[in-house]
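To start, the structure itself, in structure tokens.
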Amino acid sequence: MELHPSPRASSLAGNAVLRGWNLARGLQNRAGFRLGSESRGARRRCCSLGFGGPVRCSSETEKNPQLAAARVIYGVAPAMGHNQESHPESHFRVPAIVTALEKMELTPKVRSDDIVELPTVKPASVDDLLHVHTRAYVSGLEKAMDKASEKGIIFIEGSGPTYATATTFQESLVAAGVGMALVDSVVDASRITQNPPTAFALIRPPGHHAIPKGPMGFCVFGNIAIAARYAQRVHGLKRVFIIDFDVHHGNGTNDAFYDDPDIFFLSTHQDGSYPGTGKIDEIGVANGEGTTLNLPLPGGSGDVAMRTVFDEVIAPCAQRFKPDIILVSAGYDAHVLDPLASLQFTTGTYYALASNIKQLAKELCGGRCVFFLEGGYNLQSLSYSVADSFRAFLGEPSLASKFDDPAILYEEPLAKVKQAIQKAKHLHSL
């Protein structure tokens, strides 16, 4: 892991932190994220008797039936100290989403029967990380925090570029911990209701580019990969189906499970985009051959393309795999307004994805489904699209028409999309 010092954060960046914190409306106090504290509430205590076997647990969900009755549960980890001025992956992202949810009355303050915000959670432990990442990387990043504190900001990987501040390590542990706690809540609820809430981890730094040996592409730790291993070892959920609809290939998640027959990784992403991985013929190796599906989509692909992909590729793969839980790397950077790519998803596209994935989880794995925030760098399209995903989870009509502007869309390359779909179906015998 290379460490490159960056200019010390300016007072302007400090002002941006304050503005972002005000936008968050006191997220620390409500969500209980007090960095550096050891008293963060207890995650469930479980003893798994092996994959697929009985699991004995003591959990917060069992003590709080409201969680089981809710239709949406979410956790917030804004990582306010992890920020670089003018960087697209900034500390404004999660607060912008929370502000939109509040504006649209999609929070427990207004919808307490339907929507629950995760209470205080325990950060992921180093041992949790080591089920995905190497010890050398984890310990190296932890030690680098002293240098980050001295320099203000350091670059820990150049291709993103991926930066770190003095709080990055701890805040990344909190982000991973929120994902794990949401797995706990959804699994607990599924034991006492056939309609458990769909969960959303509104967290950063994102994770799907982080490889086992290091950070990459704005990502520090593989939040969804850590949650997948956690679901397996703690809850006995052997078969995990991961859907990644970020505009960029989730190479870190891909690499973590490339030889694993029990975790199916399916990524749709823009062909030729960063980081250049995720070719259609990359399908896994050894025992994991066939449980990785990469579907690069041509630039300009949009709503029609993605709806077709879901019907012809995503749903059939999941139905054949028969998962115990579905996890989703929810990147909103394929939106037509996002500055970092050139697909044409709309707010309506994300509503359809959220609705269809929720239904798929209900049909295949008792409704157990957790979304993890990945990319999305236009704050308006990001926040509106996440809010419309919440409406999909609630079973309420989309409000995408109030935000989307059809006039800015152009014709999709549907012939190329069809070719890509047919090749994927042939490679995977769909």
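Residue-wise test of (1) assigned to a loop (DSSP other than H, G, I, E, B); (2) open to solvent by 10 Å² or more (accessible area, probe 1.4 Å).
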position: 111; (1), (2): yes, yes
position: 137; (1), (2): no, no
position: 144; (1), (2): no, no
position: 147; (1), (2): no, yes
position: 159; (1), (2): yes, yes
position: 163; (1), (2): no, no
position: 166; (1), (2): yes, yes
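For the subset of segment 374-385 comprising residues that are touching a Phe, Trp or Tyr at 6+ places or on another chain (Cβ under 7 Å) and farther than 16 Å from residue 343 by Cβ, which member is surrounded by the fewest Cβ atoms within 10 Å (Cβ to Cβ)?
Among residues in segment 374-385 that are touching a Phe, Trp or Tyr at 6+ places or on another chain (Cβ under 7 Å) and farther than 16 Å from residue 343 by Cβ, the one surrounded by the fewest Cβ atoms within 10 Å (Cβ to Cβ) is 379.
Return the total of residues in segment 113-133 being assigned to a loop (DSSP other than H, G, I, E, B) and open to solvent by less than 50 Å² (accessible area, probe 1.4 Å).
Of the residues in segment 113-133, 9 are assigned to a loop (DSSP other than H, G, I, E, B) and open to solvent by less than 50 Å² (accessible area, probe 1.4 Å).
Sort out which residues of segment 82-94 are of a type outside the set (D, E, K, R) and touching a Leu at 6+ places or on another chain (Cβ under 7 Å), and write them in order of number.
If we filter segment 82-94 for residues that are of a type outside the set (D, E, K, R), which is where we start, we get 82-84, 86-88, 90-92, 94.
Once the filter is applied, which keeps residues that are of a type outside the set (D, E, K, R) and touching a Leu at 6+ places or on another chain (Cβ under 7 Å), segment 82-94 yields 88, 92, 94.
Specify the residue that is nearest to residue 336 (Cα to Cα); the eligible residues are those in segment 259-304 that are in contact with a helix residue (DSSP H, G or I) (Cβ under 7 Å, 6 or more places away or on another chain) and hydroxyl-bearing (Ser, Thr, Tyr).
301
Looking at 107, 99, which is the one that is without any contact (Cβ under 8 Å) to a residue 12 or more places away in the chain and under 22 Å from the mean Cα position of the chain (by Cα)? It would help to see each step written out before you state the result.
Values: 99 fails: without any contact (Cβ under 8 Å) to a residue 12 or more places away in the chain.
None of the other options fit; the residue is 107.
Report the residue count in segment 189-198 for those that are in a helix (DSSP H, G or I) and open to solvent by less than 10 Å² (accessible area, probe 1.4 Å). Break it down stepwise before answering.
Within segment 189-198, the first condition is being in a helix (DSSP H, G or I), and the residues that meet it are 189-190.
Okay, now just the ones that are also open to solvent by less than 10 Å² (accessible area, probe 1.4 Å), so 189.
Adding up the residues that qualify gives 1.
Can you give me the number of residues within segment 232-284 that are of a type in the set (Phe, Trp, Tyr), more than 11 Å from residue 209 (Cβ to Cβ) and open to solvent by 20 Å² or more (accessible area, probe 1.4 Å)?
As a first pass, look at segment 232-284 and keep what is of a type in the set (Phe, Trp, Tyr): 241, 245, 257-258, 264-265, 274.
If we keep only those that are more than 11 Å from residue 209 (Cβ to Cβ) too, we end up with 241, 245, 257-258, 264-265.
Those left that are additionally open to solvent by 20 Å² or more (accessible area, probe 1.4 Å): 258.
Matching residues across segment 232-284 total 1.
Any idea how many residues of segment 403-419 are in contact with a strand residue (DSSP E or B) (Cβ under 6 Å, 6 or more places away or on another chain) and either surrounded by fewer than 19 Cβ atoms within 10 Å (Cβ to Cβ) or assigned to a helix (DSSP H, G or I) (or both)?
Going through segment 403-419, the residues in contact with a strand residue (DSSP E or B) (Cβ under 6 Å, 6 or more places away or on another chain) turn out to be 409, 412.
Subsequent filtering for residues that are either surrounded by fewer than 19 Cβ atoms within 10 Å (Cβ to Cβ) or assigned to a helix (DSSP H, G or I) (or both) retains 409.
Of the residues in segment 403-419, 1 are in contact with a strand residue (DSSP E or B) (Cβ under 6 Å, 6 or more places away or on another chain) and either surrounded by fewer than 19 Cβ atoms within 10 Å (Cβ to Cβ) or assigned to a helix (DSSP H, G or I) (or both).
Within segment 88-107, restricting attention to residues that are open to solvent by less than 40 Å² (accessible area, probe 1.4 Å) and part of a loop (DSSP other than H, G, I, E, B), which residue is farthest from residue 333 (Cα to Cα)?
Taking segment 88-107 and keeping what is open to solvent by less than 40 Å² (accessible area, probe 1.4 Å), we get 89-91, 93-101, 106-107.
Checking which are part of a loop (DSSP other than H, G, I, E, B) leaves us with 89-91, 106-107.
On the way: 89: 11, 90: 14, 91: 16, 106: 22, 107: 24 Å.
Once the filter is applied, the top-ranked residue is 107.
Across segment 67-87, what is the total count of residues that are open to solvent by 10 Å² or more (accessible area, probe 1.4 Å), modelled with pLDDT of 95 or more and not in a loop (DSSP other than H, G, I, E, B)?
Of the residues in segment 67-87, 0 are open to solvent by 10 Å² or more (accessible area, probe 1.4 Å), modelled with pLDDT of 95 or more and not in a loop (DSSP other than H, G, I, E, B).
Checking the condition farther than 23 Å from residue 175 by Cα, touching a Phe, Trp or Tyr at 6+ places or on another chain (Cβ under 7 Å) and open to solvent by less than 60 Å² (accessible area, probe 1.4 Å), which residue from 341, 334, 354, 400 passes? Explain how you work it out, then say what you get.
Numbers: 341 fails: touching a Phe, Trp or Tyr at 6+ places or on another chain (Cβ under 7 Å); 334 fails: farther than 23 Å from residue 175 by Cα; 354 fails: farther than 23 Å from residue 175 by Cα.
Every option except 400 fails the conditions.
In segment 320-331, what residues are open to solvent by less than 10 Å² (accessible area, probe 1.4 Å) and hydrophobic (A, V, I, L, M, F, W, C)?
Within segment 320-331, 325, 326, 327, 328, 330 qualify.
Collect the residues in segment 301-351 that are in contact with a strand residue (DSSP E or B) (Cβ under 6 Å, 6 or more places away or on another chain) and part of a loop (DSSP other than H, G, I, E, B), keeping them in residue-number order.
Listed by number, the residues that qualify are 323, 334, 336, 341, 343.
The values are calculated or read from the model by the stated rules, or taken from the named source; none is laboratory data. Just so we're clear, the structure is a prediction, and the values are computed from it rather than from any experiment. Note that each Cβ is placed from the backbone with ideal geometry, even for glycine, and that neighbours are counted across all protein chains shown. These accessible areas exclude ligands, DNA and RNA; they are computed on the full protein's heavy atoms, side chains included. Shrake-Rupley method; radii C 1.70, N 1.55, O 1.52, S 1.80 Å.
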